[in-house]
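Notes to accompany the following structure.
The values are calculated or read from the model by the stated rules, or taken from the named source; none is laboratory data. None of the values given here were measured: they were computed from a predicted structure. Every residue, glycine as well, gets a Cβ built from its backbone with ideal geometry; the counts of neighbours run over all protein chains shown. Remember, those area values only see protein heavy atoms, side chains included, never the ligands or the DNA or RNA. Shrake-Rupley method; radii C 1.70, N 1.55, O 1.52, S 1.80 Å.
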Amino acid sequence: MTEPGPEHVKVHFRLEIENDWPPAGVESLWAIDRGNGEVELANTPFFVLGVAIGDIVETSMDDEGVRWAGRMVRPSDNCTIRLIVLRDSGSAAARQSVLNAFNKLGAGGEGIEQFRMVSLDIPPEADLGKIKRLLQHGVDKEWWHMEEGCITDAWRTTEAD
């Protein structure tokens, strides 16, 4: 995501930890305040399951003014795929090369050094078949481990090219 603007707010998601993963109990995402307690997610999650950029989520404020995510109001057609980069020990260059390769196929994303991760945002107009093929190729070559964080019916029904 580019720099957040004045319309952006932080939304906190509670995470369920199993076998020490994810490494935190809460993840905060940037979102655009749409009013009436609803926000549109504006950056790719690293740990929250079942959400993607563009999803509209209901929120509520706690007594300390922290905005917490609630129910999904309207999902976007975007997918979130997470990778733990193994090549070159997940270096900054390795993570950037992963982002560059998927960007050529229409996907965006972000990297995080601490966990050697890349989180991909895959919009519906991206080349889903080629993305699936590249993802599987990278798994087969042990370049990364992959997790489908949020997928759509279009993703489920697309064959790898």
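Look at Asn78 and say whether it is polar (S, T, N, Q), under 19 Å from Asn43 (Cα atoms) and crowded, with 19+ Cβ neighbours inside 10 Å.
Criteria met by Asn78.
Here's a check for you: in region 1-22, which residue that is part of a strand (DSSP E or B) and modelled with pLDDT of 90 or more is least open to solvent (accessible area, probe 1.4 Å)?
My answer is Val11.
Can you name the number of the only condition in (1) without any contact (Cβ under 8 Å) to a residue 24 or more places away in the chain; (2) exposed (fewer than 15 other Cβ atoms within 10 Å of the Cβ) that Pro124 fails?
If we test Pro124 against (1) without any contact (Cβ under 8 Å) to a residue 24 or more places away in the chain; (2) exposed (fewer than 15 other Cβ atoms within 10 Å of the Cβ), just (1) comes out false.
Each row is one residue, and each column tells you yes or no for (1) part of a loop (DSSP other than H, G, I, E, B); (2) closer than 24 Å to Phe115 by Cβ.
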site	(1), (2)
Ala31	no, yes
Glu40	no, no
Phe47	yes, yes
Ser60	no, no
Ser76	yes, no
Ile84	no, yes
Ser89	no, yes
Ser97	no, yes
Asn100	no, yes
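Going through Arg116, Arg133 one at a time, which residue ends up being in contact with a strand residue (DSSP E or B) (Cβ under 8 Å, 6 or more places away or on another chain), in contact (Cβ under 8 Å) with a residue 12 or more places away in the chain and charged (D, E, K, R)?
Arg116
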